[in-house]
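*Asks:* Got a structure here, written out as structure tokens. Questions coming.
Throughout, read-outs are computed from the coordinates displayed, never taken from laboratory work. Nothing here was measured: the structure is a model prediction, and the numbers come from that model. All Cβ positions, even for glycine, are placed from backbone atoms using ideal geometry, and neighbour counts span all protein chains on display.
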Amino acid sequence: MRSSSWTRTQLPLEITVKGEIAERTGMLVDLGALNKVIDDYVVEPFDHTFLNKDIAYFAEVVPTAENIALYISNILHQPIAELGATLYKVKLIESPNNSCEIYCTNQKSNSSMMTQDEPVLVRL
């Protein structure tokens with residue numbers, strides 16, 4: 001049985017963004033600002049929570065790595081866009097042999113699932 005609780009060290013997370021490199025700074029995105037977005041929207045709200053109980057979305061959706069990564073991609077899409085970048089990939093690592101990658105190439109269809117009455121486990 002999979003644990004539904006979340007701590008910072010349990011499930012390492014990789015966020016990949018894409019965009020244009022700014023000529024002035026030579027950077028795609030300010031890494032400090034990106035880290036703050038990830039901390040504010042993912043790390044702090046998820047840290048030491050029981051996902052099924054503390055995050056309403058997971059009361060109806062099984063918190064598998066795939067569903068957690070999809071949820072994270074939906075909540076990070078807009079804040080990362082406001083930094084001038086595009087969310088490209090969310091990778092959640094369950095173990096050395098098991099991980100999940102969500103490619104955010106069709107974000108509009110994924111983001112609509114967050115407002116539906118019925119949870120959607122997979123959107124293709």
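*Asks:* So what's the projected area for region 12-113, the Cα convex hull averaged over all directions, in nm²?
*Replies:* Hull-based average projected area comes out at 7.1 nm².
*Asks:* Scan around GLU94 for amide H atoms under 5 Å from its own, H built in the peptide plane at 1.01 Å from N, and keep only partners 5 or more places away or cross-chain.
*Replies:* Amide H neighbours of GLU94: SER99, CYS100.
*Asks:* Let me ask you something else. In nanometres, what is the gap between the two model label sites at PHE50 and LYS18, each 7 Å from Cα along Cα-to-Cβ?
*Replies:* So the two model labels end up 4.1 nm from each other.
*Asks:* Through the Karplus equation 6.51 cos²θ - 1.76 cosθ + 1.60, θ set to phi - 60°, convert the phi angles of region 65-78 into ³J(HN,Hα) values in whole Hz; use x for Gly and Pro.
*Replies:* Once rounded to whole Hz, the list reads 4, 5, 6, 5, 4, 5, 4, 4, 4, 5, 7, 8, 3, 5.
*Asks:* Are there trypsin sites (Lys or Arg not before Pro) in region 19-75 that DSSP marks as loop and that have at most 13 other Cβ atoms within 10 Å, and which are they?
*Replies:* Loop-located and lightly packed - ARG24.
*Asks:* Want the number for ASN35 to ILE75: 0.36 nm per residue separation, take away the alpha-carbon distance, what's left?
*Replies:* Separation in residues times 0.36 nm, less the Cα-Cα distance, equals 13.0 nm.
*Asks:* Sticking with this structure for a sec: Could you give the length gained on full extension between MET27 and GLU66, defined as 0.36 nm per residue of separation minus the Cα-Cα distance, in nm?
*Replies:* 11.0 nm
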